[in-house]
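Accompanying notes for the structure given below.
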Number of protein chains: 2
Amino acid sequence: MSKQGILTVVSGFSGSGKGTIMKRLLEKYPQNYALSVSATTRAPRPGEEEGREYFFKSVECFEQMIKDDALLEYARYVNNYYGTPKDYVLGQMAQGKDVILEIEIQGALKIKQKYPDTVLLFVTPPSFAELEKRLVGRGTETPEVIRDRLRRAGEESLGVENYDYLVINDELEACVDQVHAILQNEHTKVSRKIDFINDFKLQLEQYAKGEN
Amino acid sequence: MSKQGILTVVSGFSGSGKGTIMKRLLEKYPQNYALSVSATTRAPRPGEEEGREYFFKSVECFEQMIKDDALLEYARYVNNYYGTPKDYVLGQMAQGKDVILEIEIQGALKIKQKYPDTVLLFVTPPSFAELEKRLVGRGTETPEVIRDRLRRAGEESLGVENYDYLVINDELEACVDQVHAILQNEHTKVSRKIDFINDFKLQLEQYAKGEN
């Protein structure tokens, strides 16, 4: 297959609906996309399945993956490791699938540094008022919880200036189609068509030589 | 209107069909786009209309525009000046229209240097063989003419590596829709949403301050 897949990282505020968008995108275009599954050392929760929510690893095994450079990025939260296994992502890309990774900004920027062709997408509600509304939820949360969520939203957007696209999630289907259009168009970037261009130029040169 | 238009330069091989694509794009989405009209010192040809094909200028007038920095770019071919009047382009962009400019690569790269937000699109037939076929035309051209055209194609693609998008013109309507999708998606670039992001961040900060 000649088409190389694109690695895309999707981040966004809690309450932005990014998980739902990704799920719908894969349902709608299963032949185009693959979802990356993270590895973690935390224990599975009831209902979670190996290889679906996470690949569950022992600490020893995870640290071996770090040593082997087998992770695109990893981080430690609250005594647990979380990371992105490299093999699966690169394998799917080689098969022409665009691989979608849902992680936060700091991890995404690390990946972009190593793989500059990565596309970074940030999902946001249409306005601050709408974010507040979604975080307040059904009005059953305490003001402290809401304040915490909004403080976390501030942290979740640190570094967003370095992202490629800002996707405003107003209406789900429109948003899914927009993400799909963005990724399809990314394939028409000149930087991703260098082989086509070089081949074309070579033929123009050969023609000029052969005929003159 | 809060949306700022995008400046787009479309270049491509003679025979790539770029003129037809642009014409169709404007027919299909007249509310989104405006076509930039060049100024020139060459004499109008029969059927050409002032302000439609070109703005026809005297040499004195054109040189005054150069002095006044009233052109986005200009060049001299065969004793005639050709250039892009700045006023019209920037005015349309301020009104939220995406302005499309059809010029060759060297002029486009000059514009991109001055206005880094400019989107550069190169239109190509799907293959070298197809370009050759189109340039050969109906078989009525001499081998010399065809050779000249292919040599010019080599020149027309010099610098294309610096472009943003490569659009393959296989089927007209699909190609028009692709150009439209590319330009619509460009509006979701983080670099074009800085006001939205800063406004959002300000509100998050104010909330954090007010509540703590």
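The values are calculated or read from the model by the stated rules, or taken from the named source; none is laboratory data. Quantities reported herein were computed from a predicted structural model and do not represent experimental measurements. Here the Cβ is made from the backbone with ideal geometry for all residues, glycine too, and neighbour counts use every protein chain on show. Just so you know, the surface numbers come from the protein's heavy atoms only, side chains and all, with ligands and any DNA or RNA stripped out. Shrake-Rupley method; radii C 1.70, N 1.55, O 1.52, S 1.80 Å.
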Cα centroid separation, the range B:138-159 to the range B:83-120 (Å): 28
Which one, A:V78, A:V179, A:V160, has the greatest fluctuation when you compute a Gaussian network model over chain A with C-alpha springs under 10 angstrom? A:V78
Projected onto the charge dipole of the protein assembly as shown (+1 at Lys/Arg Cβ, -1 at Asp/Glu Cβ, origin at the Cα centre), which of A:I66, A:Q203, B:Y29 gives the Cα projection farthest towards the positive end? A:I66
Ascending list, in nanometres, of distances separating the A:E144 label from those of the other copies (7 Å, Cα toward Cβ): 9.1
Quick one: with label points 7 Å out along Cα→Cβ, list the inter-copy distances for B:D117 in nm, shortest first? 2.9
Loop-exposed GluC sites (Glu not before Pro) per DSSP, neighbour cap 14 Cβ within 10 angstrom, longest uninterrupted part of chain A: A:54-140
Add -39500 (n - 2.57) for each DSSP H run of 4 or more in chain B, then divide by its residues: what number comes out at 222 nm, to the nearest 500 deg cm²/dmol? -14000 deg cm²/dmol
Amide H to amide H, which residues 5 or more places from A:A39 or on other chains are under 5 Å from it, using H placed in the peptide plane? A:F55, A:G83, A:T84
Where nothing but the Cβ of Lys and Arg (+1) and of Asp and Glu (-1) is charged, how large is the charge dipole of chain A around its Cα centre, in debye to the nearest 20? 80
Normalising by the residue count of chain A, find the relative contact order in percent from Cα pairs under 8 Å and 6+ residues apart. 29
Where does the longest stretch of chain A lie that holds no trypsin sites (Lys or Arg not before Pro) found in a DSSP loop with 15 or fewer other Cβ atoms within 10 Å? A:53-137
Taking the Cα centre as origin and putting +1 on Lys and Arg beta-carbons and -1 on Asp and Glu beta-carbons, what dipole magnitude results for the protein assembly as shown, to the nearest 20 debye? 100
Give me, ordered by chain and number, the residues 5 or more places off B:V119 or on other chains with an amide H under 5 Å from its own placed amide H. B:L7, B:T8, B:V9
Looking at B:L172, B:Q184, B:T142, which one has the Cα that reaches farthest to the positive end of the dipole of the range B:142-212 (charges on Cβ: Lys, Arg +1; Asp, Glu -1)? B:Q184
Using a 1.4 Å probe, what is the accessible area per residue for the range A:3-151, in Å²? 51
Residues in the range A:181-200 occluded by at least 40 Å² - accessible area, probe radius 1.4 Å, against chain by itself: A:N185, A:T188, A:K189, A:V190, A:F196, A:I197, A:F200
Rounded to the nearest 100 Å², the accessible area buried between B and A, both sides, probe 1.4 Å, is 3700
First compute the accessible area of the range A:1-136 with a 1.4 Å probe, then give the percent of it belonging to carbon and sulfur atoms. 53
